1. For the condition aromatic (Phe, Trp, Tyr) and crowded, with 23+ Cβ neighbours inside 10 Å, what is the one hit in Tyr368, Tyr337, Tyr281?
2. Let me confirm something: among Thr102, Thr183, Thr175, which residue is β-branched (Val, Ile, Thr), part of a helix (DSSP H, G or I) and either within 18 Å of the chain's Cα centre (by Cα) or within 18 Å of Met9 (Cβ to Cβ) (or both)?
3. Which count do you get for residues in the stretch 81-128 that are among the small types (Gly, Ala, Ser) and within 23 Å of Gly219 (Cβ to Cβ)?
4. For the subset of the stretch 201-217 comprising residues that are touching a residue at least 12 places away in the same chain (Cβ under 8 Å) and among the hydrophobic types (A, V, I, L, M, F, W, C), which member is surrounded by the most Cβ atoms within 10 Å (Cβ to Cβ)?
5. Just to verify a result, which residue in the stretch 301-320, among those that are of a type in the set (Val, Ile, Thr) and modelled with pLDDT of 85 or more, is farthest from Leu19 (Cα to Cα)?
6. Condition first: under 22 Å from the mean Cα position of the chain (by Cα) and surrounded by fewer than 21 Cβ atoms within 10 Å (Cβ to Cβ). Now tell me which residues in the stretch 299-331 satisfy that.
7. Please determine, by comparing only the residues of the stretch 127-144 that are surrounded by fewer than 18 Cβ atoms within 10 Å (Cβ to Cβ), at negative phi and not hydrophobic (A, V, I, L, M, F, W, C), which one is modelled with the highest pLDDT.
8. Within the stretch 309-358, work out how many residues are farther than 18 Å from Ala291 by Cβ and part of a helix (DSSP H, G or I).
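The values are calculated or read from the model by the stated rules, or taken from the named source; none is laboratory data. These figures come from a predicted structure and were not determined experimentally. We place every Cβ from the backbone using ideal geometry, glycine too, and count neighbours over all the protein chains shown.
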Amino acid sequence: MGMSVADTMMAGRVSAMDLAGVALGGNLYWPTMLFLSGVIMSVTPSVSQLDGAGQAHNSGQVVRQALWIAVVGGGTAMLLLQNAAPLYQAIGVDPLAIPIATNYLRAASFGLVPVLCYISLRYLCEGLSWTRPAMLIAFSALLLKLPLNYWFIYGGLGINAMGGEGCGWATAIVTCYQLLAMTVVVRLSRIAHSGVFSRFDWPHWPTLKRLLKMGLPIGTAMFLEMAMFSVITLLIGRLGYEAVAAHQIAANVGGITFMVPLALGIAATIRVGVNVGAGDYAGAARSGRVALAASVGVALLTGTVVLLANDQIAALYTNESNVSSVAAGLLLLVAMYQLFDNVQATGIGALRGYKDTSTPMFIALFSYWVVGLPIAAMLGLGNAALNIPPMGVTGFWWGLALGLLVAAVIIIWRFARVSRSPQQIKKLALR
């Protein structure tokens, strides 16, 4: 997320046009990457339940098959993203921003396969309850990303200034570094006992089928949420590049605060999975409840900070006062929806620990695409039949908040139901 913040801030300092281009490019890149990483996320509960059952040595086979998903899925997505210009033209976004968006995508897409392979190995470590390597690699990658961004965006040392496109090239290089670093960690640490690099495996359909059966709903749920934000960004693109820039600032800040409940959700996946594998269903439920309570506390804290410092935060991203003022208003809504967003993110993570992935996918479909997106479009663009005047970018954000509220309520209900049913837990664990 820090890398996305770096892209937003540094491109925004070039121009609002470059910021809009990076935002439009990212709103195709990130949903695609998150969908595929969500499919691969089936590794985490699979490995954690193996670990809880004392069978961690069998986790290598699972990861080798996940790497096939990363290579095939990432390669296919790369080809699609490198030919995205007709989509932008069909939607009718500001034509001045399209070249920046497509150039950014062409560059960043070269990093899709490396980052998905890195994620496969990262989920192996996390499934075995070792989360520190991913943190250290991500931090060092951010330190590498900052100078690369500056070099490619502004030029120098034989490189011409690329503006927003430079963010894409920096991203592709950094993902290769992340894969290399995680490969070294897995080969030379205690994770080596998983046997992931002990041999080469061709695709094994029974294992792939289990991973895809569990992972496709995870990826779809993640895609549905991120795609809702992306579709809204593309619709806001019809309001002009300044509206897109303000929206991107608010979304970027919301993304930063979202990392904590997302991390708590991953931790809940691991701890719930280990407890389920060990047959401790009470411990699994307790892990989920603690994660949810912590997530609520974080929401109250971060929401208060954003509420009190919205003007100052917006000013960090852009020198253009009209963009900054709109973004500051949107940040008030970001502060408000923190509670809903945190609860649904952490709750979904807890459900994944039970291998409950299909129901959250349908919850996401209903909350984001039946409730959130239609209301966001209606409020943002207006509806003459219902006599609703267009509220612009602010209306879109009210729709987002409502969709997240609905998702949070249903997710809490689902977690309470699953965590209290040993029969359901045993049935889900057989996946």
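1. Tyr368
2. Only one candidate passes the filter, namely Thr175.
3. Qualifying residue count for the region: 6.
4. Leu211
5. Thr304
6. Answer for the stretch 299-331, where residues must be under 22 Å from the mean Cα position of the chain (by Cα) and surrounded by fewer than 21 Cβ atoms within 10 Å (Cβ to Cβ): Leu300, Leu301, Gly303.
7. Ser140
8. Within the stretch 309-358, residues that are farther than 18 Å from Ala291 by Cβ and part of a helix (DSSP H, G or I) number 24.
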